[in-house]
Amino acid sequence: MNRLQLKRVLTLRTVVATSAGLTLASSTFVAAVQVAGFLAGDAAWLAIFTSGLLCFGAAACFSELNARYPSAAGIRLYFARAFGERVALVVSLLYMAVVLGVVGAESYVLAQSLTFAVPFVPPLAWIMIVYVLVTGLNIRGIKIAGNFQDLITYGMMVALVALGLAALAQRGFALQAPLATGGPASFINAVAVGIFLFVGFEWAAPLAEEVVHTRLVSRGMLLAVGLLSLVYAVFTVAMTVVVPREELLSSPVPHMLFARHALGPAGVWAMVGLSLAASATTFNAGLISVSRFIYASARECVLPPVFSRVSMRFFTPWVAVLTVFVIGVSASVGVLLTGCYLTIVNLAAAMESLVYVLAALAVVALRRKEPAACGYTVRGGLFVPALTAAVFLGLLGAVVLVNPAVGLYLLAGLALTWLYVRHVVPALKEKYRRERRSRRRQSSPRPGALP
């Protein structure tokens, strides 16, 4: 197995950009409109800030877990220490698959956005251009990929807020019933779908072995959730003020409709650029984070050891990066052919809620198992972890009740990953043990040999 280590070069700026970049995607505009669709007035901002506040609690739990175990293995290590290896593997492997599915949904929305403006270019061509670009950057080095992530993510945030404020200024910042939610049930459903807007922020945790200090991961996740809440709230309210809500809900590219209504043809082309940037941040952050998770899992024989290979020239897990590239392209083609992007949006929201419940419970379990203090502890005793677990369990139930098929897909995914963990992982570990014993025998001195 390759023994080269990853390089510690990343700063807080890149951690925030990676945490926010995986969620800041074209597909989140669709989810944002779905949030607004549940509510009676222009109260989307309220649901989004509520979702962000709940995710802030989850981010605090992940920050404590990362402070205890700063590793590229991320949630797999946290959950293994709290609940056992098998539970950790089942949940983390399925979550990785769902995140890669989100990349497929992102590809679909990107393709629809570009077809909206440039119908003569095949959608898959745009997707391949972005994928090849970010894959090349990731293989060349984490610092290069991180700088690219910084530039695109922060540029996107500033542009979206500026565009939203400009559109609201044209309407005199006149909102219709900004506090009208339409009742508790509508608000709960809106908040549950709003969780998707933050899906994947905790995938900054696998960068723990490449940051200059491990506590930067904790700070980065918390800052990312706060910034995303502001960006999504401003832009979503602007979309629903400028464009009739029914028109937005019926379109796979509501942000393109908004741009055309707000700024005309120039707005469409500006949004094309923003859509490409949004997809680039998602693809790049996904490659950075998920490839590190695959690398760490292979290093510990949860996946075939070949995925743990590190480039001797660039110190990057190049096999894992190429694997994410292949899976991401396959997922993109699948979603393009089926058009099931909304199903993936809801599945991601459900899986995210499940992971956050387990993260909160892991904090409680590890405080009892390992009471020694760590670099970061969620304040307020057990209040925040307990509240986070209860709230996200309720939101998981809300998503499944509204979309029963999502519950079936989630159960099927858990069953498949359990079979993999039950039968394949032990075989991989046994194979590695045999190879390690064989290497030791070959390296040990033969009887009678000269010293």
Residues of the chain: accessible area per residue at 1.4 Å, in Å²? 39
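When the helices in the chain are scored as -39500 (n - 2.57) per DSSP H run of 4 or longer and the sum is shared across all residues, what 222 nm value do you end up with, to the nearest 500 deg cm²/dmol?
-25000 deg cm²/dmol
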FRET efficiency for residue 377 and residue 97, Cβ-Cβ distance as r, R0 = 30 Å, nearest 0.05? 0.40
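For residue 432 and residue 246 in the same chain, what is the full-extension length gain: residue separation times 0.36 nm, less their Cα-Cα distance, in nm? Please list the in-between numbers first.
Working: separation 186, 0.36 × 186 = 66.96 nm, distance 5.66 nm.
The span from residue 432 to residue 246 would gain 61.3 nm if fully extended.
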Rounded to the nearest 0.05, what FRET efficiency is calculated for residue 185 and residue 340 with R0 set to 25 Å and r the Cβ-Cβ distance? 0.45
Using a Förster radius of 41 Å, what is the FRET efficiency between residue 326 and residue 177 based on their Cβ-Cβ separation? Nearest 0.05, please. 0.30
Gain on full stretching of the segment that runs from residue 129 to residue 415 - 0.36 nm per residue minus C-alpha separation: 99.4 nm
Measure off, as a whole percent, the carbon and sulfur share of the 1.4 Å-probe accessible area of the stretch 56-195, all protein chains present. 74
With point charges of +1 on the Cβ of Lys and Arg and -1 on the Cβ of Asp and Glu, referenced to the Cα centre of the stretch 214-345, which listed residue (339, 255, 298) lies farthest in the positive direction of the dipole? 298
Rounded accessible area of residue 433 (nearest 10 Å², 1.4 Å probe): 90
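The values are calculated or read from the model by the stated rules, or taken from the named source; none is laboratory data. All values reported here derive from a predicted model rather than from experimental measurement. Virtual Cβ from ideal backbone geometry, glycine too; neighbours counted across all protein chains shown. We work out accessible area using only protein heavy atoms, side chains counted, and drop any ligands, DNA or RNA first. Shrake-Rupley method; radii C 1.70, N 1.55, O 1.52, S 1.80 Å.
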